[in-house]
Amino acid sequence: MHAAIGLDQGLAVLFGAATALSNAIAVATQHIASTRGGQRLRAWALAMHLVRQPLWLFGWVALTGSLIFQALALHFGPMSLVQPILVSELVMALLVRQFWIHQKIRAVTWLAALVTCGGLATFLIATSPSGVAVVPRSSAWTAPVAWSVGVAAVLVVAALRGSPSRRAGLLGAATGVLWALEATFIKAVTDTIAAVGIGGTLLRWPLYAFVLGGVLGLFAEQAALHVGPLKISQPFIVIVDPVVSVVLGVWLYAEHLRSGLVSSGLGWAGFAAMCAGVVVLTQSAPETMRGEVHALHQ
């Protein structure tokens, strides 16, 4: 029993890391393809240019792979384990930039990446997120979904006015909430497929909630990126997603974080360090990368 749980946790970590790496590769390849040649093209001409770029198409393959990897990670492990791991996409994007694209990365950015990884590892080791294979009843979803959508809606309404930075931060936070909710739908879809197969999944609500949640998350993310600086919206998206994911994991899936003064103190200190690392990393990353790094939507 314990060996099986340990294997599942290991697979969740592996697939979570694969999700982060796939997202980082997708962003880098699609950026290279879209800027190859250096010309500025109109929308239709740009679309025709991109579909003839194998690297751009490979980026979509990587994005598809990231969704599959995330679904597998959430199937094998708790949300409170998997979703924080996706923060490592920011660090993997740096590695892709340094060793593939040969872009110079500042020392302070690498230091921030190290702090981010150290804080993430400390949080996961100290709190040891775990959960049994709980499949929530349909009625159990009402309150968590209503809470998540309600919080996101309040943030969106609050973002209708104010400075660009304030609006970007609020919309970034709304995006983080919606991506955390989307992760619960991804987990529900994979559990449904495992239980009743693909045909049966077409007759169940999680699949359609997953599609709708993805659309809402994308709209919120694009709005956050449009109204203000990415250096404001990106940290909010990256930080709010795992926080809300932990809440929803405990609420919906009865996940458990190790309690106790030392474990909790170390764990949340590590999480705070991770958040600080994310902020510095996003502020100090090369300008060209800031516009490309994916905002942790799954």
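The values are calculated or read from the model by the stated rules, or taken from the named source; none is laboratory data. All figures in this text were calculated on a predicted structure; none of them were measured in a lab. FYI the Cβ positions are ideal-geometry reconstructions off the backbone, even for glycines, and counts take in every protein chain you see.
Quick notes
- Selection count, the stretch 261-277, where residues are surrounded by 15 or more Cβ atoms within 10 Å (Cβ to Cβ), at pLDDT 90 or above and under 21 Å from Pro129 (Cα atoms): 8
- Residue list for the stretch 203-218, restricted to those being under 18 Å from Leu67 (Cβ atoms) and either among the hydrophobic types (A, V, I, L, M, F, W, C) or in contact with a His (Cβ under 9 Å, 6 or more places away or on another chain) (or both): Leu207, Ala209, Phe210, Val211, Leu212, Gly214, Val215, Leu216, Gly217, Leu218
- The requirement of being surrounded by fewer than 23 Cβ atoms within 10 Å (Cβ to Cβ) and closer than 22 Å to Leu218 by Cα is satisfied by Ser148.
- Within the stretch 226-250, residues that are closer than 23 Å to Leu81 by Cα and in contact (Cβ under 8 Å) with a residue 12 or more places away in the chain sit with their Cβ atoms under 6 Å from residues that are in a loop (DSSP other than H, G, I, E, B) and of a type outside the set (A, V, I, L, M), at 6+ positions apart or across chains, in these pairs: Gly249/Pro78; Gly249/Glu255.
- So Ala188, is it among the small types (Gly, Ala, Ser), within 14 Å of Val145 (Cβ to Cβ) and over 14 Å from the mean Cα position of the chain (by Cα): yes
- Test: residue in the stretch 287-294 that is out of contact with any Lys or Arg (no Cβ under 8 Å at 6 or more places or on another chain), within 30 Å of Ser128 (Cα to Cα) and at pLDDT 90 or above: no
- Cβ-Cβ contacts under 8 Å between residues 6 or more apart (or on different chains), taken from a first residue in the stretch 136-163 that is at negative phi to a second residue that is of a type in the set (D, E, K, R), are listed as Ala159/Arg166; Ala159/Arg167; Leu160/Arg167; Arg161/Arg167.
- Val108 meets all of the listed conditions (1) aliphatic (A, V, I, L, M); (2) in contact with a Leu (Cβ under 8 Å, 6 or more places away or on another chain); (3) modelled with pLDDT of 90 or more but one, namely (2).
- The lone exception for Ala173 - which of (1) surrounded by 15 or more Cβ atoms within 10 Å (Cβ to Cβ); (2) farther than 13 Å from Val240 by Cβ it fails: (2)
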